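Just below is one structure, and these are the notes that go with it.
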Number of protein chains: 2
Amino acid sequence: MAVASLEAALGDAKSFVEQELDALLPQALGPEARLIEAMRYAVLGGGKRLRPFFVVQSGSLFGVDRRSLGRVAAALECVHAYSLVHDDLPAMDDDELRHGKPTVHRAFDEATAILAGDALLTHAFALLAAPDCHGDPFVRCELVARLAQAAGSAGMIGGQVLDIAFETTSPTQQEIIRMQRMKTAALFTFACEAGAILGKASNSARAALVAFGQEIGLTFQIIDDLLDLEGDAATVGKAVAKDAGRGKATIVAELGLARARTQAEAMAAQAIRHLDLFGEKAELLRGAADFVVSRKS
Amino acid sequence: MAVASLEAALGDAKSFVEQELDALLPQALGPEARLIEAMRYAVLGGGKRLRPFFVVQSGSLFGVDRRSLGRVAAALECVHAYSLVHDDLPAMDDDELRHGKPTVHRAFDEATAILAGDALLTHAFALLAAPDCHGDPFVRCELVARLAQAAGSAGMIGGQVLDIAFETTSPTQQEIIRMQRMKTAALFTFACEAGAILGKASNSARAALVAFGQEIGLTFQIIDDLLDLEGDAATVGKAVAKDAGRGKATIVAELGLARARTQAEAMAAQAIRHLDLFGEKAELLRGAADFVVSRKS
């Protein structure tokens, strides 16, 4: 496919979800304005918006209404943003920069960062449960249940706990992959599955998108770890080579740069094969899989 | 009403929700066991379980199924417990004791406390959205939406932010009441409204329970602040007179002990009047309103 049309679609999804977030986040008014400002700073501060892209593209396979896609993409981005705010805290990764700007606890303060993260997570579920998200309450419940599963102790948060634990243990490659499935791939999987849920897709179509999301999520994490080692701070927009310095367990540390890249490429190819049943309609999803492997930041 | 039957009902609600929580929280298995242990420590560590009591009693007015009540009570208690875990953090109130035991960040560590709080909040929404909560997905969505509203930036978290801000400003009595409506009364209101949502109650019955919950929540907070000043650490189970030392804005600091108690009693009486339309069926809710004013811990 043409690189130009993928770039346009990525840019469209980015500006679409940013407009939705701006409209769907509370306004900074009254004495609690500082909290809302921190929430908005955290979630409107940049990022590639890859997860929203996958929501939009998976939903487009089933002709899902754009308003539904915008709500779900915004909810997912609230969860992703909250996880970064909490991960960056002094008690966690203690990071000072995110998307080239001070992290929330540096720009505001630690208490505000904890509470803004909590409020973003809470807001995500409010967005999914509201009638504006989808006319069928069964669909809305399914979205809430799946996002809670993907983001909770058996998903993202559990993965984060393993990531910390693995700094002081010697996990096997299988254990690292399980950690990254939970920590990173779970939200990508939700992004891809969400379109199928919104579109009331068949079980086989939904399963294909889940499988695609799992592979893409792991691929994304391997490339993230490669960029952390190879990247240049100005391009990546955050401190680089920090993970290795901290003894973080990664596939890259396990396999080395070259084999890790080969593995990521194999996973992206596997992801693309899961899209076979969608034919030409999935061309942008296939392009995005290539983009995830070849990205430089 | 007989004090004995209220005590029995409070005890029943407490043991019921603790059984439900034990069954509905994940089991501590695998390398992420530490996270689950911290979640369970936070939520099974004691407390009066007043919010679950209000869920059970409000639902009983409409003959709501006990399984639904248990799920919703457990979800609400997960949210309440998460808020305590995060409030106790060094960057927030920096408390060492909760229910007479070390706080989660003291018993585990700060990163685990942040993540266990996040996981409890997430789990609450998973419980409400699951089909086991209620057969009608519209009811489940309504519960998710209302809990997110009560716990979010316009509710509990917003109130917490105001509470911190008011340590260094001079709020009016109206501003303190607004803060406490958000910080404390919102979850009590949800507890009382939840029964009406589950029971598909009439608008007037639901509005009466909302009004009752708002008054009871404010009453609870005033008494909490009174106990903080008057109480004995061994009875209350946490450090006392800390709020005054910190310059926390409270109704008690504003009105003085005697007038604050009179105000709390007037609010409880007002709360009870909202129950008129339920007749004798609401006798335990009336008794609980008296209990909230007269409690010693």
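Across peptide B:160-168, the mean count of Cβ atoms from other chains lying within 10 Å of each residue's own Cβ comes to 4. The loop-placed GluC sites (Glu not before Pro) in region B:1-98, going by DSSP, that have at most 16 neighbouring Cβ atoms within 10 Å of their Cβ come out as B:96. Rounded to the nearest 0.05, the FRET efficiency derived from the C-beta distance between residue B:37 and residue A:169 at R0 = 25 Å is 0.90. In this Cβ point-charge picture (+1 for Lys and Arg, -1 for Asp and Glu), region B:105-145 has a dipole of about 40 debye about its Cα centre. For chain B, the dipole from Cβ point charges (+1 on Lys and Arg, -1 on Asp and Glu) about the Cα centre works out to 540 debye, to the nearest 20. Annotation note: trypsin sites (Lys or Arg not before Pro) in region B:160-212 located in DSSP loop regions with a Cβ neighbour count of at most 15 within 10 Å are B:200.
The value of relative contact order for chain B, using C-alpha pairs under 8 Å at least six residues apart, is 19 percent. Lys/Arg Cβ at +1, Asp/Glu Cβ at -1, dipole of the protein assembly as shown taken about the Cα centre: which of A:263, A:171, B:130 is farthest positive-ward? Of the options given, the answer is B:130. Pairs exceeding 21 Å between alpha-carbon atoms, taken from B:14/B:248; A:183/A:248; B:48/B:183; B:14/B:296; A:14/A:200: B:14/B:248; A:14/A:200. Partner shielding of B:77-88 amounts to 1, given as the average count of beta-carbon atoms from other chains within 10 Å of each residue beta-carbon. Averaged over peptide A:128-138, the number of partner chain Cβ atoms lying within 10 Å of each residue's Cβ comes to 4.
Stokes-Einstein D for chain A at 10 °C, 1.306 mPa s, Kirkwood Rh over Cα pairs, in µm²/s? D, rounded to a whole number, is 82 µm²/s. Size check on the protein assembly as shown: the Cα extents along the three principal axes, sorted descending, read 74, 46, 43 Å. Protection proxy ranking for A:156-165, B:41-50, using the average of other Cβ atoms within 10 Å per residue and placing the highest first: A:156-165, B:41-50. Label positions at residue A:28 and residue A:229, each projected 7 Å from the Cα along the C-beta direction, are separated by 4.0 nm. Dipole check for the protein assembly as shown: with +1 at the C-beta of Lys and Arg, -1 at the C-beta of Asp and Glu, and the Cα centre as origin, the magnitude is about 1000 Debye.
Every number in this text was worked out from the coordinates using simple rules, so none of it is lab data. None of the values given here were measured: they were computed from a predicted structure. Cβ: placed from backbone, ideal geometry, glycine included. Neighbour counts: every protein chain shown.
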